[in-house]
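Have a look at the structure below, then the notes.
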Amino acid sequence: MAADVTRLTTRELSLRTFPDFEQFFSQVHGCACTLYFFGRHLTPIAGTAKDRADRLGAPDRSQRQFPHKEWMRAQQLSAVKELVRSGQAHGILAYADGEPVGWCHFGRADAVPLERDHKIPEQMFARDPSSQWRITCLTTLMKYRRQGVASTAVAAIRKHGGGRIEATPMAFPHHDPMVAKLRRTFGHRSPRVLDYLRENWPSKDIPGIGRVDACPATTQTLGHMGTMSMFEKLGFKPTARDHLRTSNAPRNPGDFVIMRLKT
């Protein structure tokens, strides 16, 4: 059952709220948003798994203890805290009954990511050169989704001066348990899987863009970029297909779109 929307409150990321940021990311799998702050994941300890175990300790799966993963999370949080301290990190934390349950990252388009060399993948940068802000990541605990966390990021951007905001969400999500069943039975590259996808995978027309395919989702997972319908409710308009994220592989369909809003 979804949580009562009236219980959801939000606060901007700051040194004061950083402990809540740490608490939230201790509850979810992810990168503590370092991917979008830096344009890449932070570098793990070099060497083999044995080298890492010798330095940090071997994993204990019975106790769900993974020293290298825990070390990486500490490095990520430390890196983000330094950005917060220097005023280079922006985001919104969502709370239910005082506990952090969601996160939305936003930032100036010319500073997301902060590092801007040739090693950073093109998809990490703004698609439109006139975009002034970007909303890149929405991560919310399952029972608190669809309660407007992204709208608070738009409000925060207005507070910081406003401008043209860009987002690159999935066109729309779709969950089909039969696809997973066929892949388990016949293999991921089986013609049976391909034929099923061709005949059953949904698509729809977006005015000015054309026909787009749904993106795979499950009842437990949803892409952190959000959905087109979510941003449409905030007044964003789709302007083009996001070719940098869209998958054209017949066995792995999924379209993303570029959306814009002027505040």
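Residues that are under 24 Å from the mean Cα position of the chain (by Cα) and assigned to a helix (DSSP H, G or I) within the range 23-58 comprise GLN23, PHE24, PHE25, THR34, LEU35, TYR36, PHE37, PHE38, listed in sequence order. Being touching a residue at least 12 places away in the same chain (Cβ under 8 Å) and either basic (Lys, Arg) or surrounded by 14 or more Cβ atoms within 10 Å (Cβ to Cβ) (or both) is true of LYS237. When we screen GLU115, GLU70, GLU99, GLU82 for residues that are in contact with a helix residue (DSSP H, G or I) (Cβ under 6 Å, 6 or more places away or on another chain), surrounded by fewer than 16 Cβ atoms within 10 Å (Cβ to Cβ), not basic (Lys, Arg) and not assigned by TED's automatic domain parsing to the domain that holds GLY226, the only hit is GLU115. Residues of the range 118-150 that are surrounded by fewer than 17 Cβ atoms within 10 Å (Cβ to Cβ) and under 15 Å from ARG40 (Cβ atoms): HIS118, LYS119, ILE120, PRO121, GLU122, GLN123. The set of residues in the range 96-140 that are in a loop (DSSP other than H, G, I, E, B) and among the acidic types (Asp, Glu) comprises ASP97, GLU115, ASP117, ASP128.
Do we find that THR219 is at pLDDT below 95 and either surrounded by fewer than 16 Cβ atoms within 10 Å (Cβ to Cβ) or under 17 Å from the mean Cα position of the chain (by Cα) (or both) in this structure? It is true that THR219 is at pLDDT below 95 and either surrounded by fewer than 16 Cβ atoms within 10 Å (Cβ to Cβ) or under 17 Å from the mean Cα position of the chain (by Cα) (or both).
Could you count how many residues in the range 13-22 are hydrophobic (A, V, I, L, M, F, W, C) and in a helix (DSSP H, G or I)? Within the range 13-22, residues that are hydrophobic (A, V, I, L, M, F, W, C) and in a helix (DSSP H, G or I) number 2.
Given the structure, is ARG183 outside the structural domain of ARG146 (by TED's automatic domain parsing) and either surrounded by 14 or more Cβ atoms within 10 Å (Cβ to Cβ) or among the aromatic types (Phe, Trp, Tyr) (or both)? Taking the combined requirement at face value, the residue satisfies it. For the condition within 30 Å of PRO129 (Cβ to Cβ), surrounded by fewer than 15 Cβ atoms within 10 Å (Cβ to Cβ) and modelled with pLDDT under 85, THR43 qualifies.
Can you pull out every residue in the range 142-184 that is of a type in the set (Ser, Thr, Tyr) and modelled with pLDDT of 95 or more? Answer for the range 142-184, where residues must be of a type in the set (Ser, Thr, Tyr) and modelled with pLDDT of 95 or more: just THR168. For ALA153, the criteria (1) small (Gly, Ala, Ser); (2) surrounded by fewer than 13 Cβ atoms within 10 Å (Cβ to Cβ); (3) in contact (Cβ under 8 Å) with a residue 40 or more places away in the chain hold in every case but one, which is (2).
Picking from ARG211, ARG260, which residue would you name as being on the phi < 0 side of the Ramachandran plot, without any contact (Cβ under 8 Å) to a residue 60 or more places away in the chain and not aromatic (Phe, Trp, Tyr)?
ARG211
The values are calculated or read from the model by the stated rules, or taken from the named source; none is laboratory data. Owing to the predicted nature of the structure, the values given are computational and were not obtained by experimental measurement. Note that each Cβ is placed from the backbone with ideal geometry, even for glycine, and that neighbours are counted across all protein chains shown.
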